[in-house]
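Worksheet: one structure, shown below.
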Amino acid sequence: MSAPVLQRLLSIAPYRLRILFRTVFLLLAAATVALVLFVLQQEKQLSYKNYQGGFNKTREQISSTLRNPAGQLALLNPPAQEGSGRFLHPLLLPYSALDFDDQNKVQQAVALSGCMASYGNDGSLCVGIGNNPWAGGFIYVAGSFNSKALVAHQRGELVLDQSHRVKVTVALRGQTYQWIAPFEEISDAPALNSRLAAARGLRGRLTGFNAGEADKPHARPVKEFRGWIWQNASCNEPEQDGRDEECSRSSFFSLRLPVGVLQDALFEKKRPVWPPEDLDQIKVQVVVLAPQQSTPLLDSDSRDAVPPFSLSDLQALLLPGETLRIRKLDKPTKETETERPDFVKLVGKVEQEDESWHLLTSVIRRLPVEAYDTPLESREVITTSLGSYEVLLKGDVRSVSKSLSVIATRVSWFVGAILLALLLAWLAIEIGIIRRITVLTRRADSVSKTVKGAGGLEKFDLSDLRGSDELGVLANCLHDLLRRVREDVEREGIRAEQEKEMWHAVGHEIMSPLQSLMALHDAPDDQSSRYINRMQQAIRVLYGSASPSEAFQSTVLQVAEIDITAFLQHVAGNAPCVGIPQVQFAGDAAAQMPVMVRADDYSLEDVVTHVLRNADRHRLPGTAITITLEASETAATITIFNQGPHIAEDLLDKIFEYGVSDQHESGANGNRGQGLFVAKTYMAKMGGTIAAHNVAGGVSFILNLQRGLG
């Protein structure tokens, strides 16, 4: 790892706890948002698949509806224009004409075509025209109603309200046609026995008269007006059988209405326009009246009418936003397919939904979903008796995102609550824990720097961080501990000052006798003068210092070039004078080759003497201490060997530390564990080194000094 990177890592180490907490909460918030987006993406995928299924189902329903007879009839009859009202108007039937004389054929035809408009329990009506203009400009009416036994009108009677009758009104193109058709019974008694006739029910004609001429003498029926009516023999409710006064029966009738305006229009052009363009504007009213009753049994203008199936009813099948377009496929023309006008265009209603966030809707729209951007469209061709129709259905996938965003908006409050809880938890930890840890760390660091500095322990007020929780207890303990440490530091300062004064007094009392001894032994050849000078140097080193270790470390040596060979010969020769017998120097004395090294004469002698005393204390009785000298071009190596026990491996480096000694209670005997500390300190100041090694039979101390220039 490079140094700049390591330095940057070390610089952020004090902030790793804060970085860890903040990173964890940031990851939690990011994971929450990522989880929400993932769920939304999955829900969008599922919603899109569901929408595809709904789209296909809608397509199948529309196709199936348009292929059955009711759908075919709806294709033949476009939805009524706005403003046409709820009145009954003719529908274009998929037949050229209706066989109105045959009850079964008429009922089957209107049932298959799906043209019946329901009027609840009162009955039903179907009004239509044939698809072949050359069948005549007739309007066909078929319907049913419930009533008691039909009362027939007798021929020749001018009053028509004594019988059941049907009133029909047709209004178109500014003209109005009105007919009234009373029921005239046809008796089948000559051909059938009475029991069979009763089983078949009533049957008769509906003879049509112009409404304004029906009550006039010699009124003649309309020639091309045709009508039939059939009433069931059995009651609608089985329990009413046998009670004629309560029995309600179902009657079915069919009419053919001659409309002069439509018939005249057929002969105006070689190719008449059929069906009429104003087919949905033709108003037809059918009223069925009972004898002497003004309240109709059936009224086509009733408000509870349910019209037959229309193309506009397909809108209920469309999903929100879907578009249904139906075009009629005419014979090829110059117009292109896209230019064909829409026969019907329906759009699925968009219900009023709950408000959603625009931002959330935009996010949902951008979530990736497979095939989401592919348009959903279908095209089918429906064939009828009068032509083919193209059905185009187009989906709207925007509703998926819209509906999902509404749900997501409701759920977003819970997600917001989770993020708010994370924020509050982070603030609680940040303010209640991290901030206090930061303050405690900053003040502890300040205390540490103060202790290392010269000013000592000064400020350590932690009272604002004390409390009953874990950090408060820690701050309380640190406050009390630092207070005691400060008291100990103050006492240690007082003791050091007292020791310093003691060293001053001792040094002053010793220096005076030493001055006197120097005067007595000032001869150049007097050996005592050398030791007196060493004593004076030792006093100067220790004089005025608060502790011996500080004194030795602050000593300034006078390094010069000396002859190490002569020096070691002198030390070995005078060793018995200081109580260290049997010291042998093994240098090349015969050659008398001087080896010049850089050292301080008195300090080097102290170093060698301390090592010799340590060797004398541990050597085997009767063995000698040998000093050898080896010189190279750059250094001189002094080896002091003694036979004896080895030094413990874990103490080889520690024996040079201040106060370390292998003798228990050594302080009482004058051994303070500072001899080897002094040796290492002086050697370092002279640019040399000292080390201890366990060798075969004993211990060797190796001293290395730099060679001089001489």
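The values are calculated or read from the model by the stated rules, or taken from the named source; none is laboratory data. Please read these numbers as outputs of a predicted model, since none were measured by experiment. FYI the Cβ positions are ideal-geometry reconstructions off the backbone, even for glycines, and counts take in every protein chain you see.
How about the stretch 256-269: which of its residues are assigned to a loop (DSSP other than H, G, I, E, B) and closer than 18 Å to VAL168 by Cβ?
Correct list: VAL259 only.
Can we say TYR95 is in a loop (DSSP other than H, G, I, E, B), more than 59 Å from the chain's Cα centre (by Cα) and in the same structural domain as LEU257 (by TED's automatic domain parsing)?
yes
Please enumerate the residues belonging to the stretch 296-334 that are of a type outside the set (A, V, I, L, M), touching a strand residue (DSSP E or B) at 6+ places or on another chain (Cβ under 8 Å) and assigned to a loop (DSSP other than H, G, I, E, B).
PRO296, SER300, ASP301, PRO307, PRO308, GLY321, GLU322, ASP330
Please work out which residue is modelled with the lowest pLDDT, limiting yourself to the stretch 148-168 and to residues that are touching a Pro at 6+ places or on another chain (Cβ under 9 Å) and of a type in the set (S, T, N, Q).
Ranking the candidates gives GLN162 first.
Which count do you get for residues in the stretch 270-294 that are assigned to a loop (DSSP other than H, G, I, E, B) and at negative phi?
The qualifying residues number 14.
Quick check on the stretch 312-356: of everything there that is surrounded by 10 or more Cβ atoms within 10 Å (Cβ to Cβ) and small (Gly, Ala, Ser), which residue is modelled with the lowest pLDDT?
Among those that are surrounded by 10 or more Cβ atoms within 10 Å (Cβ to Cβ) and small (Gly, Ala, Ser), it is SER356.
Look through VAL259, VAL286 and report the one residue that is modelled with pLDDT of 80 or more, among the hydrophobic types (A, V, I, L, M, F, W, C) and either closer than 18 Å to ASN132 by Cα or exposed (fewer than 15 other Cβ atoms within 10 Å of the Cβ) (or both).
Criteria check complete, one pass: VAL259.
Mind listing just one residue for me: the one in the stretch 391-446 that is part of a helix (DSSP H, G or I) and of a type in the set (Asp, Glu) and, of those, surrounded by the most Cβ atoms within 10 Å (Cβ to Cβ)?
Here the answer is GLU430.
For the list (1) assigned by TED's automatic domain parsing to the domain that holds GLN285; (2) touching a helix residue (DSSP H, G or I) at 6+ places or on another chain (Cβ under 7 Å), I need the number of the one condition that GLN61 fails.
Among (1) assigned by TED's automatic domain parsing to the domain that holds GLN285; (2) touching a helix residue (DSSP H, G or I) at 6+ places or on another chain (Cβ under 7 Å), the lone unmet condition for GLN61 is (1).
Output the helices (runs of 4 or more DSSP H) that fall wholly within the stretch 1-88 and possess 3 or more residues being at pLDDT 80 or above, surrounded by 11 or more Cβ atoms within 10 Å (Cβ to Cβ) and of a type in the set (Val, Ile, Thr), or say none.
The qualifying helices (runs of 4 or more DSSP H) are 16-67.
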